[in-house]
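Structure first, commentary second.
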Amino acid sequence: MEDYSQLVQEVVQPGIMETVFNKKIEDLKVLMTADQGIYGGASITRPIRTSVSSNAAAYTKSDVDPVAGTFVGTEATWTKLYYHTTAEVSGIDISQAQGGGQTSIANLIQDAVAIETEAMWEVIFDAFLAQLLADIDSSGTAYSDASLNRSTYATLASTENTTDTPITLALLQAHSNSVRLNKKCGPKSGYTWMMETAVYERFEPLAGIQLTHNIDAGAQGIAAGQGQINTWNGERVVSPTGMTTGSIYYARQQDMKYKIHRPLTVEQVPSERDSAKFVVRVGINNWVENPGFCGKMLSKD
C-alpha cells in the first residue's frame, strides 16, 4: 500500500483538528478551564490547599503587625491518560478514488479518520464524567491518585445529596446554598449545574414555571412563551450526554480543569493487508481542584 504519510501530515491531520477535535475542545471549554501547566513524568501533580487561617482584624492607632496566617497544602496527582483509535481504508476504495487525484484520496482518508476520532472522543468524555464523579465526593475514600483521605482533609469533601428522591427547585436551591453559602466560595455566576438528561427533563418544566414570560401580541391578546432553559437562578444549566442516570454535578468552571498533555496525532501504520491503516492518538486528562467547593446529587428522579 502506498505511503500517505505526507498527505496525512499536510492535509488529513490539520483537517481532523479543524473539523472534529478543536470543535470538541470548544464544547469542553463551556464546562471546564484549560490548565496551562507543564507536567513531566507519568502524572499530573497539583498543589492542593487543605486548610488556611487568617489573623485579619480591625485595628486602632495602637496597632502592631499581626501574626501571619497559616497555609497548609499537599499534592494531588492524576495518572496521565492516553487514548487511541484506528481508521482503515480499503485498497479498493483508494483505487476507485484515484480519478479525483490526491484531493479525493485525502477526503476518503479524512472521513474514515474523522469517524474514528468522534468515537474516541466519546470514550474520552465518558472518562471525563467518571473523573468528575470520583473527584466530587464526600466520603473518606481517596481523592486523586495520591490517595488523599477526605476525612483527614475536610476541604476535599464535597457537599452531597444521595437520597433517592424526586427533583424539586427547593431541593436544588438548598443544595446550592449548602455548597456556596456555608463554605463562602463565591458568587452563583461561577457555577454550573450539570444534569443527567432524565433529571433535566424533569427540571425543565419546573423551572419553566418561573421563567415563562408574557409577550404583548397586540390585538391577538397575550401569548406565553418559553425557550430552552440554559440558566436558572443565576447559574448555568447544561445536560451532557453520558452522565449516570439520576446524577447532578454542581461545580465552578474554574475548578473543573482539563489538560491536553499529548497533542492529537494521526499516523499511518502497516496494515498487513490491502488497506491503508491510520492510528489516532491523544493524551488528555481532567480533574477537580477544589472539590470542597462543589456538590453532587445522585439518585434523583
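Out of these labelled values of percent of Cα pairs over 30 Å apart, (i) 55; (ii) 49; (iii) 33, which was calculated from the coordinates shown here?
(ii)
How much length is gained if the chain between GLN36 and MET1 is pulled fully straight, taking 0.36 nm per residue apart and subtracting their Cα-Cα distance, in nm to one decimal?
Stretched out fully, the GLN36 to MET1 stretch lengthens by 8.5 nm.
Which value does Rg/Rh take for the stretch 37-127 over its C-alpha atoms, Rh per Kirkwood?
1.47
How much net charge surrounds TYR200 when only other residues with a Cβ under 15 Å from its Cβ are counted (Lys, Arg +1; Asp, Glu -1)?
Net charge in that neighbourhood comes out at -2.
Beyond a 25 Å Cα-Cα separation, which of these cross-linked pairs lie in this structure: LYS80/LYS257; LYS23/LYS257; LYS257/LYS296; LYS259/LYS296; LYS24/LYS259; LYS23/LYS300?
On the way: LYS80/LYS257 14 Å; LYS23/LYS257 18 Å; LYS257/LYS296 17 Å; LYS259/LYS296 23 Å; LYS24/LYS259 14 Å; LYS23/LYS300 31 Å.
From the list (LYS80/LYS257; LYS23/LYS257; LYS257/LYS296; LYS259/LYS296; LYS24/LYS259; LYS23/LYS300), the Cα-Cα distance tops 25 Å for LYS23/LYS300.
Can you list the residues, at least 5 places off or on another chain, whose amide H is less than 5 Å from the amide H of MET243, using H built in the peptide plane?
THR197
Net charge within 13 Å of LEU148 by Cβ-Cβ distance, Lys/Arg positive one each and Asp/Glu negative one each, not counting LEU148 itself?
Local net charge: -2.
Please check the chain for the longest run free of GluC sites (Glu not before Pro) that are loop-located per DSSP (anything but H, G, I, E, B) and have at most 13 other Cβ atoms within 10 Å.
Answer - 3-271.
Report, to the nearest 10°, how far helix 101-135 tilts away from the longest principal axis of the Cα atoms in the chain, using its own Cα long axis and a range of 0 to 90°.
Taking Cα atoms only, the helix is inclined about 30 degrees.
Name the trypsin sites (Lys or Arg not before Pro) in the stretch 94-186 that are in a loop by DSSP and that have at most 11 other C-beta atoms within 10 Å, would you? Don't skip to the answer; put the middle values down first.
On the way: sites: ARG150, ARG180, LYS183, LYS184; in loops: ARG150, LYS183, LYS184.
For trypsin sites (Lys or Arg not before Pro) across the stretch 94-186 that sit outside H, G, I, E and B with at most 11 neighbouring Cβ atoms in 10 Å, the list reads LYS184.
Between the stretch 63-142 and the stretch 245-301, what is the separation of their alpha carbon centroids in Å?
So the separation of the two Cα centres works out to 4 Å.
Relative to the present Cα-Cα distance, how much length would full extension add between THR163 and GLU10 at 0.36 nm per residue of separation?
49.7 nm
For the chain, calculate the relative contact order in percent as a whole number, restricting contacts to Cα pairs under 8 Å that are 6 or more residues apart. It would help to have the intermediate numbers written out before the result.
Details: 520 pairs, mean separation 83.1, N = 301.
So the answer I get is 28 percent.
Mind listing the phi-derived Karplus ³J(HN,Hα) values for the stretch 284-301, rounded to whole Hz, using 6.51, -1.76 and 1.60 with θ = phi - 60°, and x for any glycine or proline?
In residue order, the calculated couplings are 8, 10, 9, 6, 10, 7, 10, x, x, 9, 10, x, 9, 10, 10, 6, 9, 8 Hz.
Quick one: compute the contact order of the stretch 48-87, relative version, from alpha carbon pairs under 8 angstrom and 6+ residues apart, as a percent.
In percent, rounded to a whole number, it is 48.
Taken together, the values in this text are just the output of simple stated rules run on the coordinates, not laboratory data. Predicted, not measured: the structure shown is a model, and the values here were computed from it. Quick reminder, even Gly has a Cβ in these numbers, built from the backbone with ideal geometry, and neighbours come from all protein chains shown.
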